[in-house]
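Take a look at the structure below.
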Amino acid sequence: MDGQSNHQAVNLRSNVLGPPLFQRLHRARHIAVFTGAGISAESGIPTFRERFTGLWAKTDPQEVATPEAFRADPQRVWDWHVHLAATVRRAAPNAGHRAIARLQDAVERITVITQNIDDLHHAAGSRDVLELHGNLFRLAPFVDEEALFAEGRNPLICHLCGGYALRDDCDPYAGREDLEGLRLEAGPVPRCPACGALLRPDIVWFGEPLDPHVLGAAFEAADACDALICVGSSLEVEPAASIPYRAIRRGAVVIEINPEPTALSQQADAAIRGSAAEVLPALFQEVWG
Ligand code: OAD
């Protein structure tokens, strides 16, 4: 790493980066932007771990965001996500999401690596988006591996939803359009029309693995990028949290944007204290104006 780390409050009218860091950012041909819930806070979506307002300050994640919770009470978990989806549907991309999308016009390659499930990077126009934790608006079959192993069954894979068929008479004529018509909305937990499997939001709950293709692509981007900008994450959830550190190890410039310090702050080339919607447009204007 070159340049002095900058851990002071940002005055966006001055050159907070210092000439060496500014030059390295300006010359970067591939930038990875790693985002967490903080980037969507100014769109009206609560973060997870903030002390009084975070989702996990109000609800124990073990009760609504684990496969065990869904197995025990699918309707409760479904209803909690329906409620969250109502907030997310009302939200629109903010100036931070839009600034990241605009960066595609100034830099050869931008990879957005997000932990967010809210789809706001796509809505803002970002094209290369890796959704590490899935997407709240897709449904997936609930694969109850524990029950399958306990019963010693060797079930078929459902041709329609791709999960393990709950029924041996999985209906090969059930239509894809029936499945595609199902949404995360109030009502009973839907089932796959062919095999009867319960459907769930296609997101990663605690204790579940990430999609290896998505995680692999994120690691590749972190290893290959010239700069990584980490925005609005507490970096408390692995394996996502390791991604900015990979970029540091590979010699990329790493800038953090967060109103609060995190474990990354001391290792980043610059830690800018401020909100995503204020800092990102100002920073990008300063570097790529
Ligand atoms: P957290 O809630 O853990 O952290 C949010 C971070 O955003 C904190 O560090 C805040 O200081 C910061 N922040 C708040 N407002 C901000 C703003 N306006 N601009 C910039 N930063 C701001 O959220 P994540 O780190 O994203 O999993 O949490 C990681 C994962 O834990 C999430 O993806 C989620 C959760 O369980 C799933 O949804 C599957």
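The numbers here are math on the coordinates, done by the rules we state, and not lab data. The structure displayed is predicted, hence computed values, not measured ones. Quick reminder, even Gly has a Cβ in these numbers, built from the backbone with ideal geometry, and neighbours come from all protein chains shown.
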Looking at (1) within 16 Å of the ligand (Cβ to nearest atom); (2) surrounded by 12 or more Cβ atoms within 10 Å (Cβ to Cβ); (3) within 15 Å of Q115 (Cα to Cα), can you tell me which one P209 breaks?
(2)
Just one of the numbered conditions (1) under 15 Å from L132 (Cβ atoms); (2) assigned to a loop (DSSP other than H, G, I, E, B); (3) without any contact (Cβ under 8 Å) to a residue 60 or more places away in the chain; (4) not charged (D, E, K, R) is not true of G196; which one?
(1)
Only one of R127, R98, R138 is in a loop (DSSP other than H, G, I, E, B), closer than 30 Å to L235 by Cβ and among the basic types (K, R), namely R127
Give the residues of the range 157-178 that are among the aliphatic types (A, V, I, L, M) and without any contact (Cβ under 8 Å) to a residue 24 or more places away in the chain, sorted by residue number.
I157, A174
Restricting the range 101-124 to residues that are among the aliphatic types (A, V, I, L, M) and part of a loop (DSSP other than H, G, I, E, B), the one surrounded by the most Cβ atoms within 10 Å (Cβ to Cβ) turns out to be I117
Qualifying positions in the range 227-249 - more than 10 Å from the ligand (Cβ to nearest atom), under 21 Å from L210 (Cα atoms) and of a type in the set (V, I, T)
I243
Can you pull out every residue in the range 250-289 that is more than 8 Å from the ligand (Cβ to nearest atom), buried (at least 21 other Cβ atoms within 10 Å of the Cβ) and among the small types (G, A, S)?
A252, A268, A270, A271
